[in-house]
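Written out below as structure tokens is the structure these notes cover.
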Amino acid sequence: MNLNFLSKICAVSALVAGTAVSALAADFFKSDLADPKLPADKLYPQGQLFPFSGYSPSSVYGFKKLGFTAAGPTYGKGKDKLALNAQKEGISNIWQLAAVYDGVTLDSKDKLAKAAKASGKNGIDWQKMDACVQKAVKDAIRTGNNNIGWWALAVEEVRWWNKNELKYLEVAYNAVKKADPEKRPMFVYMPGHYGSEGMRKYMPYMDMLAQGYYPNFGDRAGYRYWCENVQRTIKGFPGRFMVAVTEMYRDPKEEADYELIPAFVRHDVWMAIIHGFKGVIVFSFAPRRNFDSHGEFFFAYSEVAGELNRAENGLGKVVLFGQDKKDIQLKVVEGPETVSIKRKQKPAGEVEFTYPTIKWRDMIHNSGRYCFAASSSKEPVKAVLSGLPKQPVTVINAANGKVLGKTADGTFKLDFGSYGVQLLKFVAE
């Protein structure tokens, strides 16, 4: 065969192969997502701001610059003051809504029980209750100067087996929708021990599921179980979304763990986001006795809030409006490959749940291609990321814009420290 002819065939084959690879790279980075047609200055889901708030802050000065987009809820008589101060700061308020029924302010389950007992054998007049909740909504809008992003029902930790509590949630939800011209979303706080089967009974009467989980009481591997429990709860309820109520009121168990506070906070927030949560409310920003690490926790939360909501290159819009992909894989090559937690289950008794050490989320957005990954291991791990195009790709720390390196064969090595998080952006060469 003519060698010159053979060389031409090889050249054409190489050209075709190169074009195919380039096409694959183009597909990897291609985004046809429409920009959200929502106000830029309002909280999700009515706006484009990633919701990041905290219960009971003593001050909101500087919150917006730090990356927080809301303040509250708060308890007691300071709700109107917090709403107005938040407005001055340029952020929203989450209002703790408490109706007044026959002179009883319904700000707890005990108060609701008191109102029911006072109603006698006929029980609560639910039509009257509807009017009371509507009045509370209108009063809040007026006294808070309409600076309300979300409603939080003050009768927290509703029990579905208590007919008055579940009925109150239903009546309050419908009353809020009737009384609020802007139809702002409403939730009621759920404690961390509630299972998905029970919480599903509440979902028709909430716009989001905001459940707390506080790892300093237990094992951080339990965070994985909790995230999946929340996912199971909202499944089949279109339009409902998940909000993480994270911990800030208890010092680490061990003295040596104080230096891990930034890692704890970053893991907890980003692990929830990787599971699809679309908001964070920290419990709580209130200063309290016997909580020496308040400042360390607050600083750590402000760092993560900045990653999501900084004025330029914040990742909040990516996680709210990006599209999930399934191209990227992560494999642990050094360190524990799994984490586990034991939980009591009925009727089986104690059951062990095991999860891959690293959980990640592969996303595309109009601003680029991303991977967010978090390790639930206290022990550092090394991993290899794969699934990138074969051509060189620049890997950037999406949190600060620093270049981490370039790929050569569609893979990239990553190190995760204790409860480490990697926020990556990929740029085609």
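For labels at Val351 and Leu38 in the simple 7 Å Cα→Cβ model, what's the distance in nm?
3.4 nm
Using unit Cβ charges (K, R positive; D, E negative) and no other charged atoms, how large, in debye to the nearest 20, is the dipole of the chain about its Cα centre? Walk me through the intermediate numbers first.
Numbers: 58 positive and 45 negative charges, 234 e Å.
Result for the chain is approximately 1120 debye, rounded to the nearest 20.
Give me the distance in nm between label points sitting 7 Å out from Cα along the Cα-to-Cβ direction at Lys163 and Tyr61, one decimal.
5.3 nm
For the range 238-250, in order, what is each residue's ³J(HN,Hα) by Karplus, 6.51 cos²θ - 1.76 cosθ + 1.60 with θ = phi - 60°, in whole Hz (x at glycine and Pro)?
With coefficients 6.51, -1.76 and 1.60, one gets x, x, 7, 9, 9, 10, 8, 9, 9, 8, 7, 7, 9 Hz.
Among Gln329, Pro380, Asn400, which residue has its Cα positioned farthest towards the positive end of the charge dipole of the range 324-428, with +1 placed on the Cβ of Lys and Arg, -1 on the Cβ of Asp and Glu, and the dipole taken about the Cα centre?
Of the candidates, Asn400 comes out farthest on the positive side.
Check Val188: other-chain or 5+ apart residues with amide H under 5 Å from its amide H, H built from backbone geometry?
Amide H neighbours of Val188: Leu153, Ala210.
Once you sort the root eigenvalues of the Cα gyration tensor of the range 270-380 as a ≥ b ≥ c, which label holds: rounded (a/c under 1.5), prolate (a/b larger than b/c) or oblate (the other case)? Let's see the in-between values first.
Numbers: a/c = 1.86, a/b = 1.07, b/c = 1.74.
Oblate, since a/c reaches 1.5 and b/c is not below a/b.
On a 21 Å Cα-Cα criterion, which of the cross-link pairs Lys128/Lys201; Lys109/Lys342; Lys359/Lys402; Lys81/Lys138 come out too long?
On the way: Lys128/Lys201 24 Å; Lys109/Lys342 31 Å; Lys359/Lys402 23 Å; Lys81/Lys138 17 Å.
In this structure, Lys128/Lys201; Lys109/Lys342; Lys359/Lys402 lie more than 21 Å apart at Cα.
Using only the alpha carbons of the range 157-209, what is the convex hull's orientation-averaged projected area in square nanometres? Before the final figure, lay out the partial values.
On the way: hull surface 13.9 nm².
Projected area, direction-averaged: 3.5 nm².
Quick one: of Lys79/Lys178; Lys121/Lys163; Lys30/Lys183; Lys135/Lys167, which pairs are farther than 24 Å apart, Cα to Cα? List each step's numbers first, then the result.
On the way: Lys79/Lys178 22 Å; Lys121/Lys163 15 Å; Lys30/Lys183 35 Å; Lys135/Lys167 18 Å.
The answer is Lys30/Lys183.
Nearest-5 percent of antiparallel DSSP beta bridges in the chain?
Roughly 70 percent of the beta bridges in the chain run antiparallel, per DSSP.
Angle check, please: helix 261-274 long axis (alpha carbons) against the longest principal axis of the chain (alpha carbons), in degrees 0 to 90, nearest 10.
Between helix and principal axis, roughly 80 degrees.
Within 10 Å of each candidate Cβ there may be at most 12 other Cβ atoms; applying that plus a DSSP loop requirement, which trypsin sites (Lys or Arg not before Pro) in the range 193-244 survive?
Numbers: sites: Arg200, Lys201, Arg220, Arg224, Arg232, Lys235, Arg240; in loops: Arg200, Lys201, Arg220, Lys235, Arg240.
Loop-located and lightly packed - Lys235.
Could you give the length gained on full extension between Ala26 and Gln46, defined as 0.36 nm per residue of separation minus the Cα-Cα distance, in nm?
On the way: separation 20, 0.36 × 20 = 7.20 nm, distance 3.28 nm.
Stretched out fully, the Ala26 to Gln46 stretch lengthens by 3.9 nm.
Only loop residues by DSSP count here, and only those with at most 12 other Cβ atoms within 10 Å; note down the trypsin sites (Lys or Arg not before Pro) in the range 274-330 that meet that. List each step's numbers first, then the result.
Working: sites: Lys278, Arg288, Arg289, Arg310, Lys317, Lys325, Lys326; in loops: Lys278, Arg288, Arg289, Arg310, Lys326.
The qualifying sites are Arg288, Arg289, Lys326.
What residues qualify as long-range amide H neighbours of Lys325, i.e. H under 5 Å apart, gap of 5 or more or another chain, H built at 1.01 Å from N?
Sorted by chain and number, the residues that satisfy this are Asp362, Met363, Ile364.
Which order, highest average first, do 331-341, 44-54 follow once you tally other Cβ atoms within 10 Å for each residue and take the mean per peptide? Don't skip to the answer; put the middle values down first.
Values: 331-341: 15.7, 44-54: 23.6.
Ranked from most to least packed, the peptides come out as 44-54, 331-341.
Go ahead and estimate [θ] at 222 nm for the chain from helices alone: -39,500 (n - 2.57) per DSSP H run with n ≥ 4, summed, over the residue count, rounded to 500.
Working: 11 runs with 140 residues, N = 429.
When only DSSP H runs of four or more count, the value is -10500 deg cm²/dmol.
Rounded if a/c is under 1.5, else prolate if a/b beats b/c, else oblate: with a ≥ b ≥ c from the C-alpha gyration tensor eigenvalues square-rooted, which is the range 191-344? Working shown, then result.
Numbers: a/c = 1.28, a/b = 1.21, b/c = 1.06.
Rounded, since a/c falls under 1.5.
When only C-alpha pairs under 8 Å and at least 6 residues apart count, what is the relative contact order of the chain, in percent? Before the final figure, lay out each step's value.
On the way: 850 pairs, mean separation 60.1, N = 429.
Rounded, it is 14 percent for the chain.
Which angle from 0 to 90°, rounded to the nearest 10, does the C-alpha axis of helix 79-89 make with the longest principal axis of the chain?
The angle comes out near 40 degrees.
Just to confirm the filter: which GluC sites (Glu not before Pro) across the range 161-221 are DSSP coil and have at most 11 other Cβ within 10 angstrom of their Cβ? Each step should come with its number before you reach the end.
Working: sites: Glu165, Glu170, Glu182, Glu197; in loops: Glu182.
Filter output for the range 161-221: Glu182.
How would you classify the range 345-429 from its alpha-carbon gyration tensor, with a ≥ b ≥ c the square roots of the eigenvalues: rounded for a/c under 1.5, else prolate if a/b is greater than b/c, otherwise oblate?
Note, shape of the range 345-429 comes out prolate.
Hey, fewest Cβ within 10 Å first, where do Met208, Met248 land in order?
On the way: Met208 22, Met248 25.
Exposure proxy ranking, most exposed first: Met208, Met248.
Just subtract the alpha-carbon distance of Asn122 and Lys253 from 0.36 nm times their residue separation and send over the number in nm, one decimal.
Working: separation 131, 0.36 × 131 = 47.16 nm, distance 4.99 nm.
Net length gain for the segment: 42.2 nm.
Read phi for every residue in the range 398-411 and hand back ³J(HN,Hα) as whole Hz from Karplus 6.51 cos²θ - 1.76 cosθ + 1.60, θ = phi - 60°, with x for Gly and Pro.
5, 7, 10, x, 6, 6, 8, x, 10, 8, 10, 9, x, 10
Subtract the Cα-Cα distance of Ala131 and Ser108 from 0.36 nm times their separation in residues, and report this length gain in nm to one decimal. Spell out each step's value before the answer.
On the way: separation 23, 0.36 × 23 = 8.28 nm, distance 1.88 nm.
Gain on extension, Ala131 to Ser108, equals 6.4 nm.
If one takes the longest principal axis of the Cα atoms in the chain, at what angle in degrees, from 0 to 90 and to the nearest 10, does the Cα axis of helix 109-118 lie?
30 degrees
Between His294 and Asn216, what is the spin-label point distance in nm, taking each point 7 Å from the Cα along the Cα→C-beta axis?
A separation of 1.2 nm, rounded to one decimal place.
Highest GNM mean-square fluctuation, the chain, Cα pairs closer than 10 Å: which of Trp151, Trp95, Trp161?
Ranking Trp151, Trp95, Trp161 by mean-square fluctuation puts Trp161 first.
Readers should treat all values here as calculations from the given coordinates under stated rules, not as data from a laboratory. Since the model is a prediction, treat every value here as computed from it, not as a measurement. Cβ sites come from the backbone with ideal geometry, for glycine too, and all protein chains shown count toward neighbours.
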